[in-house]
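**Student:** Just dropping this structure here.
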Amino acid sequence: MLSLFRITDVSAHCDLPCGVYDPAQARIEAESVKMICQKVADNDDPDFRVRATIIKEQRSELVKHHLWVLWTDYFKPPHFEKYPNLHTLFNEATKLAGASGTKGEFDESVADQLLAKIEEISTIFWETKKG
């Protein structure tokens, strides 16, 4: 039987989405969370604290979102092979932004830990952009 189609192996990499990813998005949101923790520590007004809680939870969710996008969309198997701790870094960072982390408490030291994990991820991210 004569085939009208020829099967060809192709390989592609996304120029647009991968070209616009940046861990800075997660870092900016995490910095906002830290600033909210600092402001709440200096303010006993219950209305202010409620607003701060809502905003902090939203920003923590955004941190997780931006990290998940990097984890699932940008980083590929060769990155995880070259940086075997990358999965662990993302897991730890998203947990630090979650309910038992910055989303659930006003502990500035947890926000600092989150920022440190994001910085580690960022270092690896920029190393992958070189190669």
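**Student:** For the list (1) touching a His at 6+ places or on another chain (Cβ under 7 Å); (2) among the aromatic types (Phe, Trp, Tyr); (3) open to solvent by 50 Å² or more (accessible area, probe 1.4 Å), I need the number of the one condition that Trp68 fails.
**Tutor:** Checking Trp68 against (1) touching a His at 6+ places or on another chain (Cβ under 7 Å); (2) among the aromatic types (Phe, Trp, Tyr); (3) open to solvent by 50 Å² or more (accessible area, probe 1.4 Å), the one that fails is (1).
**Student:** Which of the residues spanning the stretch 46-73 are free of Cβ contacts under 8 Å to residues at least 12 places away in the same chain and within 19 Å of Ala93 (Cα to Cα)?
**Tutor:** Gln58, His65, Thr72
**Student:** Considering only residues that are among the small types (Gly, Ala, Ser) and not in a loop (DSSP other than H, G, I, E, B), look in the stretch 96-131 and name the one that is farthest from Val33 (Cα to Cα).
**Tutor:** Among those that are among the small types (Gly, Ala, Ser) and not in a loop (DSSP other than H, G, I, E, B), it is Ser122.
**Student:** Follow-up. Would you point out the residue of the stretch 73-112, among those that are over 14 Å from Ala26 (Cα atoms) and β-branched (Val, Ile, Thr), that is most open to solvent (accessible area, probe 1.4 Å)?
**Tutor:** Among them, the one singled out is Thr88.
**Student:** Filter the stretch 31-53 for residues that are open to solvent by 90 Å² or more (accessible area, probe 1.4 Å) and out of contact with any helix residue (DSSP H, G or I) (no Cβ under 9 Å at 6 or more places or on another chain) and give the result.
**Tutor:** Scanning the stretch 31-53 gives Asp42, Asp44, Asp47, Arg51.
**Student:** While we're on this one: From the list Ala93, Ala52, pick out the single residue that is more than 15 Å from the chain's Cα centre (by Cα) and in a helix (DSSP H, G or I).
**Tutor:** Exactly one of Ala93, Ala52 is more than 15 Å from the chain's Cα centre (by Cα) and in a helix (DSSP H, G or I), namely Ala52.
**Student:** Considering only residues that are among the β-branched types (Val, Ile, Thr) and over 12 Å from the mean Cα position of the chain (by Cα), which ones fall in the stretch 96-118?
**Tutor:** Within the stretch 96-118, Thr102, Val110 qualify.
The values are calculated or read from the model by the stated rules, or taken from the named source; none is laboratory data. It should be emphasised that the depicted structure is a prediction, and the values quoted were computed from it without experimental measurement. Neighbour counts run over all protein chains shown; Cβ positions are idealised from the backbone, glycine included. Heads up: the accessible areas ignore ligands, DNA and RNA and are worked out on the full protein's heavy atoms, side chains in. Shrake-Rupley method; radii C 1.70, N 1.55, O 1.52, S 1.80 Å.
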